[in-house]
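Novice: Submitted below is the structure of interest, expressed as structure tokens.
Quick note: the coordinates plus some simple rules give every number you see, no bench work behind them. These figures come from a predicted structure and were not determined experimentally. Please note: Cβ atoms are built from the backbone with ideal geometry, for glycine as well, and neighbour counts cover all protein chains shown.
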Amino acid sequence: MSVTVRVPAKVNVQLAVGAARPDGFHDLANVFLAVGLYDEVTVAPAEELRITCEGPDAARVPLDRTNLAARAAERLARRYGRTPDVHIRIAKDIPVAGGMAGGSADAAGALVACDALWGTGASREELLEICAELGSDVPFSLVGGAALGTGRGERLRPLEVGGTFHWVFAVADGGLSTPAVYGEFDRLTRGVEVPEPAASRELLDALAAGDAQALAAAVANDLQPAALTLFPSLADTLAAGREAGALAALVSGSGPTTAYLADGPGSAARIAEALTASGTCRTARVAAGPVPGATLL
């Protein structure tokens, strides 16, 4: 017997970052939108916990206990007094180390899959609690749709979305470490008063109205300057997307994937084609959102 769960990528349409806290984390106002690029996580009984991975950049995915999916299985097993003896198979389509929460998605997928396989009957609140222990983006991977994340991003408030938004994602050659990007943010803002992070009213209204033009005027990512300092060639990719007709162009989360808002599916296809031809990225993917979070197949 096996159980498969499909989990989406995310784009941060707003990422407002506060100053570093004493625990090293940052308070955030993080507006998440789940988009239709998916990993599939399959779990089956095994003699011991093991992970395999297939798909683009699978070689860059850790296959030991540092993998968030393995840690999710271990946390759920510990809570219910059992051993995490499962084979976790990840079919990867979300860019790896790309700022689109692929590892977090796999953790949420493994959690939902193991819960179903073992029949633990964990409540939604219990699953979200484990998600928050695993990482700041994991709760949203479980929930999907659109949400405002506060605290370090793990406290979620669902957001109303009045339509479908069309995106293009340019996948860079190489990855960026999220801790390194936050470290660079701290360096760039040293000696500067960093405001308390808050969600943009204009952005929330644009989401609720399903208005791509208004959303384009409001998207923002406080980590973008840090990501561009560490990965300067992303500036060329962003410029290529704008020249191809994107309504907005920004680094997705901590990067190095860059995100482009389009005014419809046809425009998104043209932007993706132009980005691929520009030579400034490895590939470009089209996706729309919002879409549901972790879903049993």
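Novice: Match the structure shown to one of the listed values [x] 0.97; [y] 0.92; [z] 1.02 of Cα Rg over 2.2 N^0.38 Å, computed from it, and give that label.
Specialist: Given [x] 0.97; [y] 0.92; [z] 1.02, the calculated one carries the label [x].
Novice: What residue among L128, V112, G36 has its Cα farthest toward the positive end of the dipole of the range 3-159, where the charges are +1 on Lys, Arg and -1 on Asp, Glu, each on the Cβ?
Specialist: L128
Novice: Same structure, new question: Zone of E202 (label point 7 Å along Cα→Cβ, backbone N under 19 Å): which residues in the range 252-271?
Specialist: Counting backbone N atoms under 19 Å from the label point, the list is 260-263.
Novice: Dimensions of the range 138-194 along principal axes (Cα, Å, largest first)?
Specialist: 40, 31, 20
Novice: Kirkwood hydrodynamic radius of the range 3-159 from all distinct Cα pairs, in Å? Don't skip to the answer; put the middle values down first.
Specialist: Details: mean 1/r = 0.0643 Å⁻¹.
Computed over the range 3-159, the radius equals 15.6 Å.
Novice: If the only charges are +1 at each Lys and Arg Cβ and -1 at each Asp and Glu Cβ, what is the size of the charge dipole of the chain around the Cα centre, to the nearest 20 debye?
Specialist: Values: 24 positive and 34 negative charges, 52 e Å.
Dipole magnitude for the chain comes out near 260 debye.
Novice: Relative to the Cα centre, what is the charge dipole magnitude of the range 165-289, using +1 at the beta carbon of each Lys and Arg, -1 at the beta carbon of each Asp and Glu, and rounding to the nearest 20 debye?
Specialist: Numbers: 7 positive and 13 negative charges, 61 e Å.
The calculation lands at about 300 debye.
Novice: Okay, next question. When the chain is fully extended, how far beyond the present Cα-Cα distance does D186 get from D64, taking 0.36 nm per residue of separation?
Specialist: On the way: separation 122, 0.36 × 122 = 43.92 nm, distance 3.06 nm.
Between D186 and D64, full extension yields an extra 40.9 nm.
Novice: Under the classification rounded if a/c is under 1.5, otherwise prolate if a/b is larger than b/c and oblate if not, where does the range 147-297 fall, given a ≥ b ≥ c as square roots of the Cα gyration tensor eigenvalues?
Specialist: Numbers: a/c = 1.58, a/b = 1.05, b/c = 1.50.
The shape class here is oblate.
Novice: Long-range amide H contacts for A284: which residues qualify at under 5 Å (H placed 1.01 Å from N, peptide plane, sequence gap of 5 or more or a different chain)?
Specialist: Hits under the 5 Å cutoff: V171.
Novice: Which of these, V31, V194, V11, has the largest mean-square fluctuation under a Gaussian network model of the chain (Cα springs below 10 Å)?
Specialist: Result for the chain, Cα springs under 10 Å: V194 fluctuates most.
Novice: Rounded if a/c is under 1.5, else prolate if a/b is larger than b/c, else oblate: which is the range 164-222, with a ≥ b ≥ c the root eigenvalues of its Cα gyration tensor? Before the final figure, lay out each step's value.
Specialist: Working: a/c = 3.64, a/b = 1.36, b/c = 2.68.
Here the range 164-222 falls in the oblate category.
Novice: For a quick size check, give me the Cα extents of the range 64-141 along its three principal axes, largest first, whole Å.
Specialist: 35, 25, 19
Novice: Moving to a separate point now. At what distance in angstrom do the alpha carbon centres of the range 262-293 and the range 1-42 lie from each other?
Specialist: Taking the Cα centre of each part, the range 262-293 and the range 1-42 sit 20 Å apart.
Novice: When the Cα centres of the range 75-98 and the range 192-222 are compared, how far apart do they sit, in Å?
Specialist: 34 Å
Novice: Provide Y80, Y260 in ascending order of the number of other Cβ atoms located within 10 Å of each residue's Cβ, fewest first.
Specialist: On the way: Y80 15, Y260 32.
Ascending number of Cβ neighbours within 10 Å: Y80, Y260.
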